[in-house]
Amino acid sequence: MDRSLQYIEFGHVVTKRQMDACTKHRKSTIDSWRAGMDLEWNHRWAPIEENVNSKYEQVKSKFEIVGSRGKVTQFRTWSGKTLRQLAVDVDHEESYDIFYSELSSFAHADVKFADRFVALSGNGVTLSNRACDGDVGAVWRYSAIFMACFLELFGKELQSWDAHEIERCWDDNGTDAQGPVSPGG
């Protein structure tokens, strides 16, 4: 349960970072950015600034680590761990090592992703406007694998469902002999 709460409470850190970014860029040397950030500040952040700061102060110590020289560093992620470390924690190191880089190509472009859609030829660059069937299938397959990983983690944390129940979710049509399948029931 502690990890689940930590994940939820990290939202206050993210919100504070967004507000602080707006504050920073209100001083931009680019007129259009400065005007845009002033508008953003006045309509979004100014009315809730006190609340955002209060909630952040309540949780910030949970997302900090004190180094050997006493320097306080804030976590970059909700857990203070990399996604790989989290995968290892829930016994999914293989899934991470095999699937993560390919799956993340669809979330943020990288050279492997570009290679699927851009080709160099004698006429220059050719762009394909769609993925091949293997790419589309991989997105669904890898998404299902990572969803199962997170369902296992939160099932353990919340003591709501186990790995067997998660596996049953993938049965044909979401049903088994006993009726509809869903986590926890």
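Among the residues of the range 25-36, is there at least one that is assigned to a loop (DSSP other than H, G, I, E, B), hydrophobic (A, V, I, L, M, F, W, C) and not assigned by TED's automatic domain parsing to the domain that holds TYR7?
no
Yes or no: GLY80 out of contact with any Phe, Trp or Tyr (no Cβ under 8 Å at 6 or more places or on another chain) and among the small types (Gly, Ala, Ser)?
No.
Residues checked against (1) in contact (Cβ under 8 Å) with a residue 60 or more places away in the chain; (2) surrounded by 15 or more Cβ atoms within 10 Å (Cβ to Cβ); (3) farther than 22 Å from SER4 by Cβ:
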{"position": "ARG34", "(1), (2), (3)": "no, no, yes"}
{"position": "MET37", "(1), (2), (3)": "no, yes, yes"}
{"position": "ASN42", "(1), (2), (3)": "no, no, yes"}
{"position": "SER54", "(1), (2), (3)": "no, no, yes"}
{"position": "GLU57", "(1), (2), (3)": "no, no, no"}
{"position": "LYS60", "(1), (2), (3)": "no, yes, no"}
{"position": "ARG69", "(1), (2), (3)": "no, no, yes"}
{"position": "THR73", "(1), (2), (3)": "no, no, yes"}
{"position": "SER95", "(1), (2), (3)": "no, yes, no"}
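I want to confirm something. Restricting to the range 128-183 and keeping residues that are touching an Asp or Glu at 6+ places or on another chain (Cβ under 7 Å) and modelled with pLDDT under 60, which single residue is surrounded by the most Cβ atoms within 10 Å (Cβ to Cβ)?
VAL181
Here are some conditions: (1) assigned by TED's automatic domain parsing to the domain that holds PHE150; (2) over 30 Å from LEU151 (Cβ atoms); (3) of a type in the set (Asp, Glu). ASP89 meets all but one. Which one does it not meet?
The failed condition is (2).
Might you check whether a residue that is touching a strand residue (DSSP E or B) at 6+ places or on another chain (Cβ under 9 Å), under 26 Å from PHE154 (Cβ atoms), outside any helix (DSSP H, G or I) and not assigned by TED's automatic domain parsing to the domain that holds SER160 occurs anywhere in the range 4-16?
no
Condition first: touching a strand residue (DSSP E or B) at 6+ places or on another chain (Cβ under 9 Å) and either farther than 17 Å from ILE8 by Cβ or not in a loop (DSSP other than H, G, I, E, B) (or both). Now tell me which residues in the range 63-89 satisfy that.
PHE63, GLU64, ILE65, VAL66, GLY67, VAL72, THR73, GLN74
The values are calculated or read from the model by the stated rules, or taken from the named source; none is laboratory data. Small disclaimer: the values here were computed from a predicted structure and weren't measured. Using ideal geometry, Cβ is built from the backbone for each residue, glycine included, and neighbour counts are taken over all protein chains shown.
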